[in-house]
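Remarks on the structure that follows.
The values are calculated or read from the model by the stated rules, or taken from the named source; none is laboratory data. What you see is a predicted model; the values in this text were computed from it and never measured. Methodologically, a virtual Cβ is constructed for each residue, glycine included, from the backbone with ideal geometry; neighbour enumeration extends over all protein chains shown. SASA here: full protein model, heavy atoms, side chains in, ligands and nucleic acids out. Shrake-Rupley method; radii C 1.70, N 1.55, O 1.52, S 1.80 Å.
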Amino acid sequence: MEYTVSKEKGSSRYYVHRAGNPKNPIPGTFAPKKRALHTAAQMNGMDFKEYMKARKEEKVNAET
């Protein structure tokens, strides 16, 4: 995945950024978590369910 979501420090909002580069949020993508996840899915060219499945698989692979 090229884009992912992170939480804004000290806030309840999330933002989309390129994977591996959380210090540079993409302007206009600050939103509640669910909307930010939908935006990231769209930016990756996936539907929401497909994106969440890929995100989960990436997390499992990172832990092993």
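Brief remarks on what is shown
- Qualifying chymotrypsin sites (Phe, Trp or Tyr not before Pro) in region 10-59, where qualification requires a DSSP coil assignment and no more than 16 other C-beta atoms within 10 Å, comprise Phe30.
- Debye, to nearest 20: dipole size of the chain, +1 on Lys, Arg Cβ, -1 on Asp, Glu Cβ: 320 debye
- Counting only protein heavy atoms and a 1.4 Å probe, the chain has 74 square angstrom of accessible area per residue.
- Region 17-63: radius of gyration over Cα atoms, expressed as a fraction of 2.2 N^0.38 Å: 1.17
- Positive-pole candidate from Ser12, Ala54, Asn24, dipole of the chain, charges at beta carbon: Ser12
- Here the accessible area is traced with a 1.4 Å probe on the protein chains. For region 4-64, carbon and sulfur cover 51 percent of it.
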